[in-house]
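S.K.: Let me give you the structure first, and then I'll get to my questions.
The values are calculated or read from the model by the stated rules, or taken from the named source; none is laboratory data. None of these values were measured; they are calculated from a predicted model. Note that we place each Cβ from the backbone using ideal geometry, even for glycine, and neighbour counts take in every protein chain shown. Heads up: the accessible areas ignore ligands, DNA and RNA and are worked out on the full protein's heavy atoms, side chains in. Shrake-Rupley method; radii C 1.70, N 1.55, O 1.52, S 1.80 Å.
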Amino acid sequence: MKKFFLLLCFVCSLVMSACKDEEEEVAAYEVSLSEIVAKSPVDYSYTPSGSTDAVELKKIVFSYPTENVAGERVTASASIMMRSSLYSSKDKAKFMVLVHHGAMTKNAEAPSVNESTDYLPLMVASADAIGVEADLIGFGASVNETQAFAYGDVNAKTSLHALICARKYLNSLGYTWEDKLANVGFSQGGQTAMHVQKVVDTDSFYASNVNVTKTFAGGGCYSINTTVDESIDAYNPPLMPAVIWLGLASYNALTGLGVSNEDIFADTSILDELLDKQHDMSPNYAGAAWSVSLKSEMLTEESEIRTKIRSKVAGFNCFFKPKSTSKILMFSDSNDDVVPTKNSDELFDYFNANGFTMTKIEEGDAISDFSKDNVYIRYSTGTFGHGCHMKANDIFMDTVANELAKNW
C-alpha cells in the first residue's frame, strides 16, 4: 500500500470482466475441499502498536481456485489467521474478518508472503476472531498471472472466493464461528471492500453464501472518472509514473484499451520490467509529475485520447444501491494526497440520492469510534502533502481494530 495508488485506478479499473448470469456464476464457482490446499500452520508473533506484549498467532496459507479478469479459472492464495489459543482450543470464534490489501508492485509484499506490514494480525490480535486475506490476482500463488490492480468486482470475487474456501477448509477441521463478518479495506483495499458489499448486495449467489455484517471502507477509488480528471487536471500530486505505467500495462494485457501505450505515455520502456512484479520502481521515479510521464495529449482535457478514455471509464464506477439492511462505514482524509476525497464524496451523494441514507460526520482532530452504522467520516490528518494517505490508512486500520475488539 504505497503512495502510488491514484492513477493505478485510472486505467486498471476501466473495464471489469463481463457480467455473467446467476446460473453461470454458480456453475463457475463450485469448489471441492480437495481443491483447497493448505500449508502447515506457522507461528506469528505480533506486538500491537503502543504495547510491549506480543500476541501469539497462527497463520495458515492456502491456495484455492478463483477467476481472473477474463473469467478463466486460476489458482490464487490467501491467508487465515487467528490467535494461537483459539487455534488450539477450537472454541467458537466471535466473528470473522475479511481484510483486503492495498496496491502493490512487488510479490514480496503479498499478504501470504509478507511477514511485516500485513493488516491481518492487527485485526485478530485483540479479538477472538478468524481473519482471512487474499493475495489479489498477480501475487502469491498467482504471481505469473497479469495483475488485476483495482478491478473492483474481480478483486471482490477473488476475496469472496478466498473466504468461502477458508470456511470450507476450517469447517473440515472442526472450527466454528458466529455468523458475523467484518469487511475491511483501505485504499485499493477500500475499493475492494466496497465492491464486496456491492457483489453481496446485487448477486444472489454471493448473498446466499456470505453475510456481511458491516463494511469498513476507507480511502478507496469509487468514481473512476473522478480519479482520472482530478489526477490529471486538478489534483496532480507528485506520484510515481512507474505505477501509472503498471496500471496501463496490466489493463492492456488483460482486455485492451483500444489505444497503444505509446499514445499515452512518454516512456514505455519500463513496462515489461514492472509487470514481472519483482521490481520496486519508487527509488527511480518518486516525485516525478504527470507532465513527465504523460504525453501532452493526455494533459489536454478535450483531446481525442482523453475523450476515448473517459468513454471507457464511465460505466465502471462503484455506484450501486445497497440493501436496506446493509451497514457501511466510509472513511476519507480531507487532505488525502493519493486518492481524491471527491471519490468518497460522490459515492456518499449517490447512496443518499438512491435511497440508502448515510450520515456525514466531519471530525477535526480525532475519531472517537467507528461503531455507528451507515456513516461517512471525513477526517483530517493535517496539511496536504507527502504521507497523508498512509497516515490516514494507519488511523483507519487501528480504529477499526479497536472497534472490532470492543463491539463484536
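S.K.: Name the one entry in ALA166, ALA134, ALA103, ALA141 that is more than 14 Å from the chain's Cα centre (by Cα) and open to solvent by less than 10 Å² (accessible area, probe 1.4 Å). Working first, answer last.
M.R.: Details: ALA134 fails: more than 14 Å from the chain's Cα centre (by Cα); ALA103 fails: more than 14 Å from the chain's Cα centre (by Cα); ALA141 fails: open to solvent by less than 10 Å² (accessible area, probe 1.4 Å).
Only one candidate passes the filter, namely ALA166.
S.K.: Being under 27 Å from ILE328 (Cβ atoms), assigned to a loop (DSSP other than H, G, I, E, B), polar (S, T, N, Q) and touching a helix residue (DSSP H, G or I) at 6+ places or on another chain (Cβ under 7 Å) narrows it down to one of SER126, SER79, SER159, so name that one. Spell out how you get there, then give the answer.
M.R.: Values: SER79 fails: assigned to a loop (DSSP other than H, G, I, E, B); SER159 fails: assigned to a loop (DSSP other than H, G, I, E, B).
Criteria check complete, one pass: SER126.
S.K.: Moving on. Go through region 41-79 and report how many residues are closer than 14 Å to THR158 by Cβ, touching a strand residue (DSSP E or B) at 6+ places or on another chain (Cβ under 9 Å) and open to solvent by 40 Å² or more (accessible area, probe 1.4 Å). Explain how you work it out, then say what you get.
M.R.: So the first thing to find is which residues in region 41-79 are closer than 14 Å to THR158 by Cβ, and the list is 62-79.
So of that shortlist, the ones also touching a strand residue (DSSP E or B) at 6+ places or on another chain (Cβ under 9 Å) come out as 62-68, 73-79.
If we keep only those that are open to solvent by 40 Å² or more (accessible area, probe 1.4 Å) as well, we get 73, 75.
Summing the residues that are closer than 14 Å to THR158 by Cβ, touching a strand residue (DSSP E or B) at 6+ places or on another chain (Cβ under 9 Å) and open to solvent by 40 Å² or more (accessible area, probe 1.4 Å) in region 41-79 gives 2.
S.K.: Of all residues in region 87-116, how many are part of a loop (DSSP other than H, G, I, E, B), free of Cβ contacts under 8 Å to residues at least 40 places away in the same chain and under 23 Å from SER187 (Cα atoms)?
M.R.: Applying the first criterion (part of a loop (DSSP other than H, G, I, E, B)) to region 87-116 yields 90-92, 94, 101-106, 110-116.
Add one more test, that the residue is free of Cβ contacts under 8 Å to residues at least 40 places away in the same chain, and what stays is 91, 110-111, 113-114, 116.
From the residues that got through so far, the ones that are under 23 Å from SER187 (Cα atoms) too are 110-111, 113-114, 116.
Residues flagged as part of a loop (DSSP other than H, G, I, E, B), free of Cβ contacts under 8 Å to residues at least 40 places away in the same chain and under 23 Å from SER187 (Cα atoms) within region 87-116 amount to 5.
S.K.: Of the conditions (1) open to solvent by less than 10 Å² (accessible area, probe 1.4 Å); (2) not in a strand (DSSP E or B), GLY185 fails just one. Which one is it?
M.R.: (2)
S.K.: Name the residues in region 41-58 that are closer than 17 Å to GLU133 by Cα and either without any contact (Cβ under 8 Å) to a residue 40 or more places away in the chain or aromatic (Phe, Trp, Tyr) (or both), would you?
M.R.: VAL42, TYR44, TYR46, LYS58
S.K.: Does PHE351 satisfy being crowded, with 18+ Cβ neighbours inside 10 Å and part of a helix (DSSP H, G or I)?
M.R.: Details: crowded, with 18+ Cβ neighbours inside 10 Å: yes; part of a helix (DSSP H, G or I): yes.
Yes, satisfied.
A quick yes/no check of all residues on (1) within 29 Å of VAL210 (Cβ to Cβ); (2) acidic (Asp, Glu):
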{"residue": "ILE305", "(1), (2)": "no, no"}
{"residue": "PHE319", "(1), (2)": "yes, no"}
{"residue": "SER332", "(1), (2)": "yes, no"}
{"residue": "ASN335", "(1), (2)": "no, no"}
{"residue": "ASN343", "(1), (2)": "yes, no"}
{"residue": "GLU346", "(1), (2)": "yes, yes"}
{"residue": "ASP349", "(1), (2)": "yes, yes"}
{"residue": "ASN352", "(1), (2)": "yes, no"}
{"residue": "THR357", "(1), (2)": "yes, no"}
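S.K.: Only one of these is more than 30 Å from ALA207 (Cβ to Cβ), modelled with pLDDT of 75 or more, surrounded by fewer than 20 Cβ atoms within 10 Å (Cβ to Cβ) and in contact with a Ser or Thr (Cβ under 9 Å, 6 or more places away or on another chain): ASN335, ASN261, ASN252. Name it. Break it down stepwise before answering.
M.R.: Details: ASN261 fails: modelled with pLDDT of 75 or more; ASN252 fails: modelled with pLDDT of 75 or more.
Selected residue: ASN335, the only one of ASN335, ASN261, ASN252 that is more than 30 Å from ALA207 (Cβ to Cβ), modelled with pLDDT of 75 or more, surrounded by fewer than 20 Cβ atoms within 10 Å (Cβ to Cβ) and in contact with a Ser or Thr (Cβ under 9 Å, 6 or more places away or on another chain).
S.K.: Among the residues of region 356-381 satisfying the criterion of being at pLDDT 95 or above and in a loop (DSSP other than H, G, I, E, B), which is nearest to THR399 (Cα to Cα)?
M.R.: ASN374
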